[in-house]
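Working notes, structure below.
The values are calculated or read from the model by the stated rules, or taken from the named source; none is laboratory data. Because the structure is predicted, anything quoted here is derived from the model rather than measured. So basically every Cβ, Gly included, is an ideal-geometry build from the backbone, and we count neighbours across all protein chains shown.
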Amino acid sequence: MTETFVGRATPNGVPLFLSRWLAHPLRMGSVVPSSATLCKHMVRCAWPEDDGVVLELGAGTGVISRAFLDAGLAAERLVTLEIDPDLADHLRGTLRGVEVLECDARKMLDYLPKRFQGRISSVVCGIPLVLLPFVEQRRFVHAMQAVAPGQGFLLFSYCITSPLPAKKLGLTAKREVWTPMNLPPASVWRYMPASADA
């Protein structure tokens, strides 16, 4: 479930990303990994306070995770979650010391090791939630709120408007960043529990 061994990863994750996109296009949400510009915005918007831990959902080939590490975040303060076994194996082989959870994000509380529970201060989501029916979006939101109560989450998306029906999900939505330098151009949305913003 949560191993840190060196897998059969390759240094360049782009071919792997493309192969997994071809196998599961709706799960991946994009043909190419996120750009360096988008990764920097995500790091700036989601940098944790004090000794808080960052949780990345749908880590893919780990480009956002590596941006956090390159910015100085200690590996033991980063948890990545990936449902695709090949991508999870790639993450284990390239993100030394980072906790890699291979599971469905809707069940993340069942997989999150106890040493991280109560310490998640930032949640970054790369899962294409806009493609899911409302009932599944709600399950994702409940799962995120369970592991990081009151913290909300950041979601990057290629939608011009909010990719989630925030009010129906009990959330507030704010677009933090729009970057035309990503392919395709992307926005970073911050979702917070509506009660926390009242």
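With the requirement that a residue be of a type in the set (S, T, N, Q), buried (at least 16 other Cβ atoms within 10 Å of the Cβ) and assigned to a helix (DSSP H, G or I), what does region 35-68 give you?
Scanning region 35-68 gives a single hit, Ser65.
So Phe153 clears everything in (1) within 28 Å of Phe116 (Cα to Cα); (2) out of contact with any helix residue (DSSP H, G or I) (no Cβ under 9 Å at 6 or more places or on another chain); (3) surrounded by 17 or more Cβ atoms within 10 Å (Cβ to Cβ) except one condition, right? Which one?
For Phe153, the exception is condition (2).
Across region 43-76, what is the total count of residues that are farther than 19 Å from Gly150 by Cα and either under 11 Å from the mean Cα position of the chain (by Cα) or not hydroxyl-bearing (Ser, Thr, Tyr) (or both)?
Selection size over region 43-76: 20.
Ser122: of a type in the set (Gly, Ala, Ser), under 16 Å from Ile64 (Cβ atoms) and at pLDDT 95 or above, yes or no?
Criteria met by Ser122.
Can you go through Val141, Val98, Val147 and tell me which one is in contact with a Ser or Thr (Cβ under 9 Å, 6 or more places away or on another chain) and buried (at least 18 other Cβ atoms within 10 Å of the Cβ)?
Val98
Take region 156-189 and flag every residue that is among the hydrophobic types (A, V, I, L, M, F, W, C), part of a strand (DSSP E or B) and surrounded by 15 or more Cβ atoms within 10 Å (Cβ to Cβ).
Passing the criteria: Phe156, Leu171, Ala173, Val177, Ala186, Val188, Trp189.
Restricting attention to region 105-128, report how many residues are assigned to a loop (DSSP other than H, G, I, E, B) and either within 11 Å of Ala148 (Cβ to Cβ) or out of contact with any helix residue (DSSP H, G or I) (no Cβ under 9 Å at 6 or more places or on another chain) (or both).
5
Each row is one residue, and each column tells you yes or no for (1) closer than 22 Å to Thr37 by Cβ; (2) touching a His at 6+ places or on another chain (Cβ under 9 Å).
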{"residue": "Ser65", "(1), (2)": "yes, no"}
{"residue": "Phe68", "(1), (2)": "yes, no"}
{"residue": "Asp86", "(1), (2)": "no, no"}
{"residue": "Leu95", "(1), (2)": "yes, no"}
{"residue": "Asp104", "(1), (2)": "no, no"}
{"residue": "Pro133", "(1), (2)": "no, no"}
{"residue": "Phe156", "(1), (2)": "yes, yes"}
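Could you grab me the full set of residues in region 59-89 that are modelled with pLDDT of 95 or more, of a type in the set (Gly, Ala, Ser) and touching a Lys or Arg at 6+ places or on another chain (Cβ under 9 Å)?
Of everything in region 59-89, those that are modelled with pLDDT of 95 or more, of a type in the set (Gly, Ala, Ser) and touching a Lys or Arg at 6+ places or on another chain (Cβ under 9 Å) turn out to be Ala67, Ala71, Ala75.
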